[in-house]
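Here's the structure we're looking at; comments come further down.
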Amino acid sequence: MTRSLLHQILDYANRANPYPIYEELRKTPVHHEDDGPHVVSTYYEIRSLLHDPRISSDVHNLASPARDPLAESAQEEEGVLPPSFIRLDPPEHDRLRRMTNRPFGPPHSPRRIDGMRGELHDVVTGLIDGIGDPGRIDLVDHFSYPFPVTVICRLLGVPREDEPRFHTWADTIAASLDPDPDADPTERGKESHDARLQLGMYLAGLIEERRKRPGDDMLSQLATAKGPDGAMTTMELLSTAALLLIAGHETTVNLITNGMLTLLRNPDVLQRLRADPRLAAPIVEELLRFEPPVQLMPQRTTLADIQVRGVTIPKGASLWLVLASGNRDPQRFEDPDRFDPDRQDIQHLGFGSGIHSCFGAPLARVEAQLALSELARRLDNPRLLEDPPPYRQNAVLRGPRHLPIACDGIRP
């Protein structure tokens, strides 16, 4: 039974509904199988560990990476570029995050995200206008996949004519994040490596261009910044830009798709959103609790022996923090398996917490709110064609790979 719990989390057969497994997991708040990772699944313990300086995000601190079935893929993801700041510890993490935040949000750039609302609305409108046959829509391919990558391109200042190339690289890199037991691993690895290399070379050229002729985009500001932390090296800039593309894209696709799926399963809430778009903000917060796009954080390591609920997690151990389980912990949330946007207190773990809390959270919130409110307003009588839909293979970045829906028409 104990062996099977970890296996079940990773088993694709449970991707459509992993929550009963998480419920079983919470009976042993610190779950450990043989020489595998220590899996923490309860809300207060996860939150505490996310704020604990004895927890490292650097895989090089793992005593034995081979024992963690998800650690190897984390190291493969980097390869071409140095680790991005989400895979580093202080002080390097803090320096790079501070530098990236200056042109992204408060206090230095308080209008960056809010100032994009008009442009985001135009992108959403264009995608909905271009949906085509309302009798069969794949919401992922037609809408929630292209939307965030277009936004990242606009944020970084990628010229419009180059956006299709960015979409192609994002597709290839995203596909490589999902396990595929039927594919040739060597071929998949080569495709992913080539896409990352091409993306890196393209960004390097763009950075050089922005250094000579800066614009008002985020990449220009990063490339020419001379703040208290100095300037980023070209390699640091490349890994940061790639992080914004990959992490910012993948999670938002899942947030929007999981969001629409949940609304279609709760037609009363969908109706309310159509009548009052202001409901989008609490709906998105409840979605981040109820169906978080990042289900678990596997790349964590202990820098010392740590006591959690009477269990000693030894130094160098692999640690999994199951955010989605913590979000449904009945010790923290009343009736946690009910989707309820009227909850008064939704301090979810959907964006993590502590020094590694999701850097792109302000943008993801605006994107999801706009996307869901416009889909609710414009799709006439939307309904699911498959429930559950086919899911991605990935147990960490969980979301439907396709979401087939139909509607009676698209309103202006």
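The Rg/Rh ratio of the range 209-293, with Rg taken over Cα atoms and Rh as the Kirkwood radius over Cα pairs, comes to 1.21. Between Y12 and R278, residue separation times 0.36 nm minus the direct Cα-Cα distance comes to 92.1 nm.
The HN-Hα couplings worked out from phi for the range 228-244 by the Karplus form 6.51 cos²θ - 1.76 cosθ + 1.60 (θ = phi - 60°) are x, 8, x, 10, 6, 6, 4, 5, 5, 4, 5, 5, 5, 5, 5, 4, 4 Hz, whole numbers, x standing for Gly and Pro.
With +1 on each Lys and Arg Cβ and -1 on each Asp and Glu Cβ, and nothing else charged, work out how big the dipole of the range 238-304 is about its Cα centre, in Debye to the nearest 20. Please list the in-between numbers first.
Numbers: 6 positive and 6 negative charges, 5 e Å.
Taking the Cα centre of the range 238-304 as origin, the dipole is about 20 debye.
Between T186 and D114, full extension at 0.36 nm per residue minus the direct alpha carbon distance yields a gain of 21.6 nm.
How large a share of the accessible area of the range 219-291, in percent, is made up of carbon and sulfur atoms when the probe is 1.4 Å and the other protein chains stay in place? Percent of accessible area from carbon and sulfur atoms in the range 219-291: 61.
With both labels modelled 7 Å from their Cα along Cα-to-Cβ, the K315 to A63 distance reads 1.0 nm.
About the Cα centre, and with charges only on the beta carbon of Lys, Arg (+1) and Asp, Glu (-1), how big is the dipole of the chain? Nearest 20 debye, please.
Details: 47 positive and 61 negative charges, 232 e Å.
So the dipole magnitude of the chain works out to roughly 1120 debye.
Over the C-alpha atoms of the chain, the Rg to Rh ratio, Rh being the Kirkwood estimate, stands at 0.95. In this simple spin-label model, placing a label point 7 Å from the Cα along the Cα-to-Cβ direction at both H121 and T234 gives a separation of 4.1 nm.
Provide the FRET efficiency to the nearest 0.05 for the R383-Q347 pair, computing r from the beta carbons and using R0 = 45 Å. The partial results should precede the final answer.
Details: r = 33 Å, r/R0 = 0.74.
With a Förster radius of 45 Å, E is 0.85.
Per residue, the accessible area of the chain comes to 43 Å² when a 1.4 Å probe rolls over the protein heavy atoms.
For the chain, what is the relative contact order in percent, using Cα pairs closer than 8 Å and at least 6 residues apart in sequence?
27 percent
Compared with the alpha-carbon gap, the fully stretched path from L303 to D129 is longer by 57.5 nm at 0.36 nm per residue. The calculated FRET efficiency for the pair S4 and T168, based on their C-beta separation and a Förster distance of 45 Å, comes to about 0.70.
The loop-placed trypsin sites (Lys or Arg not before Pro) in the range 320-359, going by DSSP, that have at most 14 neighbouring Cβ atoms within 10 Å of their Cβ come out as R338. Remark: the range 81-186 is approximated by an ellipsoid whose semi-axes, taken from the C-alpha gyration tensor as √(5λ), come to 29, 24, 11 Å, largest first. Overall, the range 150-228 carries a charge dipole of about 700 debye about its Cα centre when +1 sits on the Cβ of Lys and Arg and -1 on the Cβ of Asp and Glu, all other atoms neutral.
In loop segments of the range 116-184 as defined by DSSP, the trypsin sites (Lys or Arg not before Pro) with at most 14 further C-beta atoms inside 10 Å of their C-beta are R136.
What separates the Cα centres of the range 102-121 and the range 336-387 is a distance of 20 Å. How many angstrom separate the Cα center of the range 170-211 from the Cα center of the range 127-143? Comparing the Cα centres of the range 170-211 and the range 127-143, I get a distance of 26 Å.
Between the residues P110, A204, V30, the greatest Cα displacement towards the positive end of the dipole of the chain, with unit charges on the Cβ of Lys, Arg, Asp and Glu, is found for P110.
Which residues make up the longest stretch of the chain clear of GluC sites (Glu not before Pro) that lie in a DSSP loop with no more than 13 other Cβ atoms within 10 Å, not counting the sites? It would help to have the intermediate numbers written out before the result.
Values: sites that count: E334, E386.
After excluding every exposed loop site, the longest remaining stretch is 1-333.
If you take the alpha carbon atoms of the range 323-388 and fit the smallest convex hull around them, that volume is 142 Å³ per residue.
The values are calculated or read from the model by the stated rules, or taken from the named source; none is laboratory data. What you see is a predicted model, and the numbers here were worked out from it, not measured in a lab. Every residue, glycine among them, receives a Cβ derived from its backbone with ideal geometry; neighbour counts consider all protein chains shown. Surface accessibility is based on the protein's heavy atoms, side chains included, excluding ligands, DNA and RNA. Shrake-Rupley method; radii C 1.70, N 1.55, O 1.52, S 1.80 Å.
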